[in-house]
1. Select from segment 30-57 the residues that are of a type in the set (S, T, N, Q) and more than 21 Å from LEU137 (Cβ to Cβ) and list them in ascending order.
2. Restricting to segment 5-52, what's the tally of residues that are in contact with a helix residue (DSSP H, G or I) (Cβ under 7 Å, 6 or more places away or on another chain), hydrophobic (A, V, I, L, M, F, W, C) and assigned to a loop (DSSP other than H, G, I, E, B)?
3. How many residues does segment 11-40 contain that are exposed (fewer than 12 other Cβ atoms within 10 Å of the Cβ) and under 29 Å from ALA102 (Cβ atoms)?
4. Restricting the first residue to segment 108-121 and requiring it to be in contact (Cβ under 8 Å) with a residue 60 or more places away in the chain, which pairs with a second residue that is assigned to a helix (DSSP H, G or I) and surrounded by 12 or more Cβ atoms within 10 Å (Cβ to Cβ) meet a Cβ separation below 7 Å and a spacing of at least six or different chains?
5. Restricting to segment 115-124, and then to whatever is touching an Asp or Glu at 6+ places or on another chain (Cβ under 9 Å) and under 19 Å from ASN52 (Cα atoms), can you tell me which residue is surrounded by the fewest Cβ atoms within 10 Å (Cβ to Cβ)?
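Read-outs: derived from the displayed coordinates by stated rules, not from any lab. Only a predicted model underlies this, so the values are computations on that prediction, with no experimental measurement involved. Positions of Cβ are backbone-derived with ideal geometry, glycine not excepted, and every protein chain shown enters the neighbour counts.
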Amino acid sequence: MIDNKLKSKYFLECVLAIRSKELTESSKQEIESQIKDLLGTRKFILAESFYNVLISLNIDIDDFCDNIFGKLKITTLYPLPESDNKLNDFISPFVQDTKEIASAIVVDNSRLSRLLSGEFKHLYPNEVYSIAIFFGLRPQQLFQYLYGGGMRPIVGL
């Protein structure tokens, strides 16, 4: 099974390290308490909590994601070489089967199937990041669409 889930404790350390230069000790403790409230008691952080914490601390989502998840081996939506059939070249990236997509975004195929069917409701931050990279989007675009009321990103433009 592919497991690149972000541990809540590590995430907390990372965001506090980014903001620690700007904070007094008491404000650091207050923010740490607020973040812990947002994260809850989960061992692994969920994508929505990840997004809410980064937004509340005004941390650049794209930079943070690249630093944390940048070493994942994600392929993009257009991994197929061009052929003599332009229609096939145009359509084929959008009709890849879930096994190929799951492999490309570094997510277990059964988990992706359950997410797509609605059996699983919550994404992990690395999954949102991987999907964004796969579709050629900035991670912030997809996080804002999924959790911040942002507009649906347009793929392929």
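1. Initial filter on segment 30-57 (of a type in the set (S, T, N, Q)): 33-34, 41, 49, 52, 56.
Answer for segment 30-57, where residues must be of a type in the set (S, T, N, Q) and more than 21 Å from LEU137 (Cβ to Cβ): SER33, GLN34, THR41, SER56.
2. 3
3. 1
4. Pairs found: ASP108/ALA102.
5. Taking segment 115-124 and keeping what is touching an Asp or Glu at 6+ places or on another chain (Cβ under 9 Å), we get 115, 122-123.
Then keep just the ones that are under 19 Å from ASN52 (Cα atoms); that gives 122-123.
Details: HIS122: 11, LEU123: 22.
Step by step, filter segment 115-124, then rank; the result is HIS122.
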